[in-house]
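Reviewing the structure listed below.
FYI, it's all coordinate maths here, none of it is from the lab. Note that this is a predicted model, so its numbers are computed, not measured. Here Cβ is always computed from backbone atoms with ideal geometry, including for glycine, and neighbour counts include all displayed protein chains.
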Amino acid sequence: MAGNSPIDDSGDGGLVAKGRDGDNAAPLSITEISQALKRTVEDRFGFVRLRGELSGVKRAASGHLYMSLKDEKSVLDAVMWRGQVGRLPFQPEDGLEVIASGKLTTYPGRSKYQIVVERMEIAGEGALLALLEKNRKKFEAEGLFGNIRRLPFAPEVIGVVTSPTGAVIRDILHRLEDRFPTHVIVWPVLVQGQGAAEQVASAVRGFGALEPGGLVPRPDLLIVARGGGSIEDLWAFNEEPVVRAVAESPIPVISAVGHETDTTLCDFAADKRAPTPTAAAEMAVPVKRELEATLDDLALRQRKVVMRPVDLGRERLEARVQRLPGANQLLQPQAQKLDELGERLRRGLIDRASKGRERLAEARLSPAILRSAWRDAAQRLTSARLAPQLVTRPIIERRQQLDALARLAEQLHPEKPLSRGYAMVKGADGKAVTSAAAAGSESLLGIKFADGEIQATPGDTPRKPRKAAKPKAKGADTGQAELF
């Protein structure tokens with residue numbers, strides 16, 4: 001020490017008090033000796049690595065962690081500041097055997113020494129497995145395991161919780177592209193080390209909190225994936241936050257952590273465990289080509305089922321048509337019967353005529369026979385009553401037809417137009433002359449009017465027909481025009 005301090009540091013760790021020869025050592029203050037001890041311990045044990053069992057683990061409100069490390073014979077107090085506590089890959093608890101690295105120091109306020117832990121890890125794989133089994137039983141007792149839900153057959157959106165830079169996400173995307181191209185949303189997280197468990201749990205809960213139909217579509221299925229590694233590397237997926245988030249996820253979860261031989265508590269909490277991330281992608285979606293082949297097969301079966309009644313009906317119809325008799329078969333009996341009846345009719349007529357001739361030859365015409373026949377005819381005539389309508393109706397109909405013919409004949413009579421100012425020209429033979437050329441060849445013409453007939457001699461040549469006269473004004477003479 002500098003100055004007039006009564007403490008002299010000899011350099012070998014010993015402390016001596018300055019004073020005169022033969023005098024007692026100068027008294028030291030408590031603070032001085034405490035500081036000297038603190039410096040000595042920290043210099044001598046600036047870095048130590050200890051193995052022991054945790055006891056009395058307590059987290060203060062400030063975030064610092066206080067505990068004790070013990071073995072069979074000794075106990076050492078330990079403290080871990082908040083910054084280092086946040087980077088722990090596991091949750092410290094009583095009875096856990098750990099390896100703690102840090103430096104020894106003293107705490108003057110209580111006159112004790114302790115270790116300030118900077119790093120802490122579980123001591124050996126056996127201890128990790130024991131802790132894993134302990135946590136498994138704890139979570140199983142709480143009912144976090146065994147709640148298995150059915151995975152969607154063909155999810156439209158798949159959420160993947162993994163590291164965005166590793167080979168895991170590439171394997172998943174490649175396998176999904178090969179089997180059934182699907183929309184994938186990746187939530188990047190740490191998968192190892194301090195803070196990995198919190199990020200994985202936050203990602204799972206974040207996917208579950210998405211609203212259906214929102215800007216970011218809510219996944220139909222989640223895949224929590226990580227590549228292989230040691231139990232220490234996979235420890236984040238054994239942590240309580242991850243296990244609870246996966247167990248409470250409203251979306252079905254496939255756990256694909258590590259290789260086939262690796263097992264984490266996340267696997268127990270998930271709805272389905274995949275041995276590898278690639279296998280998780282295969283579980284998530286079907287094979288599109290197989291689905292198309294199945295649909296084609298079902299469509300073919302559907303067509304066959306639909307057409308089967310038609311085919312069966314066609315076969316039955318063809319079989320029945322083949323069994324039906326033909327037209328010749330149906331008509332042959334009738335034709336034969338017709339031939340027989342015709343022959344019988346012919347023979348019957350011949351027989352009847354023969355018998356009639358025989359009776360006529362045998363019969364003698366006598367007055368008694370005639371009188372009898374006359375009486376029979378008179379009787380039949382008397383008994384028959386002739387209705388008047390049967391006679392008058394045909395007469396009336398015939399009369400009506402005759403009247404109609406008479407009216408038609410009157411309208412078509414050739415002399416009918418004479419009453420309207422027309423005239424009929426006849427030749428010497430009394431036949432009608434209908435053309436000027438025919439009139440020129442006649443020596444004498446007869447012109448018949450409505451009130452009589454006159455004689456006229458035609459000229460040498462027929463005159464050309466006059467043009468039609470223009471209609472006269474109203475009130476003009478409307479007499480008969482000259483014929484020649």
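With Cα atoms defining each centre, segment 272-338 and segment 148-172 are spaced 41 Å apart in the structure.
Hey, if you put +1 on the Cβ of every Lys and Arg and -1 on every Asp and Glu Cβ in segment 149-286, which of Ile231, Ile185, Ser202 ends up farthest toward the positive end of that dipole? Projecting each Cα onto the dipole axis, the largest value belongs to Ile185.
Taking packing as the residue-averaged number of other Cβ atoms within 10 angstrom, the listed peptides 402-410, 320-328, 260-268, 421-429 run from highest to lowest as 260-268, 421-429, 402-410, 320-328. Taking Cα centre as origin and charging only the Cβ of basic (Lys, Arg, +1) and acidic (Asp, Glu, -1) residues, the dipole magnitude of segment 138-246 rounds to 220 debye. The ellipsoid equivalent to the alpha-carbon distribution of segment 99-247 has semi-axes of 38, 17, 16 angstrom, derived from the gyration tensor eigenvalues as √(5λ) and listed largest first. Relative intensity of segment 209-357 on a log10 scale, I(q)/I(0) at q = 0.18 Å⁻¹, equals -1.07, per a Debye sum over C-alpha point scatterers of equal strength in the absence of solvent. Label positions at Ala406 and Lys103, each projected 7 Å from the Cα along the C-beta direction, are separated by 15.8 nm.
The ellipsoid that matches the Cα gyration tensor of segment 251-312 has semi-axes, each √(5λ) in whole angstrom, of 42, 11, 8, with the longest given first. Farthest towards the positive end of the charge dipole of segment 26-130, among the residues Gly52, Thr106, Leu69, is the Cα of Thr106, using unit charges on the Cβ of Lys, Arg, Asp and Glu. Relative to the 2.2 N^0.38 Å rule of thumb, segment 285-324 has a C-alpha radius of gyration ratio of 1.92.
With the convex hull drawn over the C-alpha atoms of segment 48-97, the volume per residue is 83 Å³. Of the GluC sites (Glu not before Pro) in segment 32-94, which ones lie in a loop per DSSP and count no more than 13 other C-beta atoms within 10 Å? Answer by residue number: Glu72, Glu93. Length available on full extension from Glu133 to Thr294: 0.36 nm per residue minus the Cα-Cα distance, which gives 53.5 nm. By the compact-protein rule of thumb, 2.2 N^0.38 Å, the alpha-carbon radius of gyration of segment 26-130 corresponds to a ratio of 1.16.
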